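> Dumping the structure here so I can ask a few things about it.
What follows draws every value from the coordinates through simple rules; no lab data is involved. Given the structure is predicted, the values throughout are model-derived calculations rather than measurements. So basically every Cβ, Gly included, is an ideal-geometry build from the backbone, and we count neighbours across all protein chains shown.
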Amino acid sequence: MGVVTAERIKLTSTRSPWWCSAIVVALGLGMAALIAGVTRSAKDSATTQQFDVSTAVVGVSGFGVMVLMIMATLSVTSEYRFGIIRTTFLATPQRTRVIAVKAVLLGVYAAVLTGILCVLAYLIARAVYGSSPQLALSTSEEWRALLGVPVYVLLCVILAVAVGVLLRQSAAAISLLVLWPLVIETLLSSFGSFGRNVGPLLPFANGQRFFSMTSSSAHWHWGPWGSLIYFAVFVGIVFTAAMVVLNKRDA
C-alpha cells in the first residue's frame, strides 16, 4: 500500500498527467462533435461517409490513446532522467513491485478516463448527428466498439511503461510508441499479399481490431476476442522482458 500511495502522489502532484488528461478530453469530445457535424452536413450527398460507433469515439481511441501512452512512458523515463528512480528503489528494493504498481495504476486511470470519454463522445455524436441505426448500440459489435476502447487503452499503457523501462530515454521511447502503430505497422500491412499475411501478426493491429467496426482485407486467423488475447500476450511478453532487464542492470 505504501508503493500505491507513493505512485498515486506522483500521478496527482505532477503537471504532465493533468495536461495530458486535458488534451485527451479535448480531443475525444471535440473530434466527436466535429466529425458528427461534418458527416451530418453531408448525410444526404452521394459522398456521405459511414458514421458508426467506432467513428464517434475515434478521437479517444486514436489520438487520445497515443497521448496516454506518452504520459505513461514519461512517468518512467522522467524518473530516470532526474534520478528519482534511484530514491524510489532505495525505499522499495523490490523493483518489479514498483513498476508493476505504476503500470497498473496508470492503466486503471487511463481505462476509467477513456471509458467515461467514450460514453460522452458517443452521446455528443448522437446528439449532433441525430438518430441513426448505426448508432443504436443494438449489437455486440457496437457495444464492443464503445466499451472495448478502455480495455485496449489499459494494455497500451502497460506496454508504454514497459517500453519506458527498456529504453529509459524519453525521446527514444516516445518515438518508438508513435512510429510503431502509425508508421511501421501501416507500411508493413500495405504491401499487397505480404501485408494481408503479415497484418494479422502485428500487435497494434490486433488490439485495434478488437473495438474497430471497419472491415479489413487481412487474412485474420481469429476473431476480435482472439485479437485481444494476442495483443494481451504480446504486452505480457514485453512487460516481462522489461522486468528482467530492470532487475539486471543498475538504476
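> Using a simple charge model, +1 on the beta-carbon of Lys and Arg, -1 on the beta-carbon of Asp and Glu, nothing else, what dipole does the chain show about its Cα centre, in debye to the nearest 20?
Using only the charged Cβ atoms, the result is roughly 680 debye.
> Counting Lys and Arg as +1 and Asp and Glu as -1, each charge on the Cβ, what is the dipole of the stretch 1-148 about the Cα centre in debye, to the nearest 20?
Here the stretch 1-148 has a charge dipole of around 620 debye.
> Just from the alpha-carbon atoms, what are the Rg and Dmax of the chain in angstroms?
For the chain, the Cα radius of gyration and maximum Cα-Cα distance read 19.3, 65 Å.
> Next question. Under a 10 Å cutoff between Cα atoms, tell me which one of ARG95, ARG144, ARG15 has the largest fluctuation in the Gaussian network model of the chain.
So, out of ARG95, ARG144, ARG15, the one fluctuating most is ARG15.
> Further question on the same structure: Nearest 10 degrees, 0 to 90: what angle lies between the long axis of helix 95-129 and the longest principal axis of the chain (Cα atoms)?
20
> Connecting C-alpha atoms closer than 10 Å in a GNM of the chain, tell me which of THR14, THR55, THR77 has the biggest fluctuation.
In the Gaussian network model the winner is THR14.
> While we're here: Of the residues THR87, THR39, THR186, which exhibits the maximal mean-square fluctuation in a Gaussian network model of the chain defined by a 10 Å Cα contact cut-off?
It is THR87.
> I've got another one for you. Grab the alpha carbons of the stretch 102-149, take their convex hull, and tell me the volume per residue in Å³.
So the per-residue Cα hull volume is 59 Å³.
> Is there a quick way to get the dipole size of the stretch 95-218? I mean about its Cα centre, with the Cβ of Lys and Arg at +1 and of Asp and Glu at -1; what is the value in debye to the nearest 20?
Its charge dipole is roughly 400 debye.
> Counting each pair of different Cα atoms once, what's the Kirkwood radius of the stretch 1-145 in Å, rounded to one decimal?
Every distinct Cα pair counted, the radius reaches 17.1 Å.
> Note down the relative contact order for the stretch 8-142 as a percent, whole number, built from C-alpha pairs under 8 angstrom at least six residues apart.
Relative CO of the stretch 8-142 lands at 39 percent.
> Let me ask you something else. Taking the simple approach of a point 7 Å from Cα along Cα-to-Cβ for both SER140 and ARG8, what is their distance in nm?
The two pseudo-label positions are separated by 3.7 nm.
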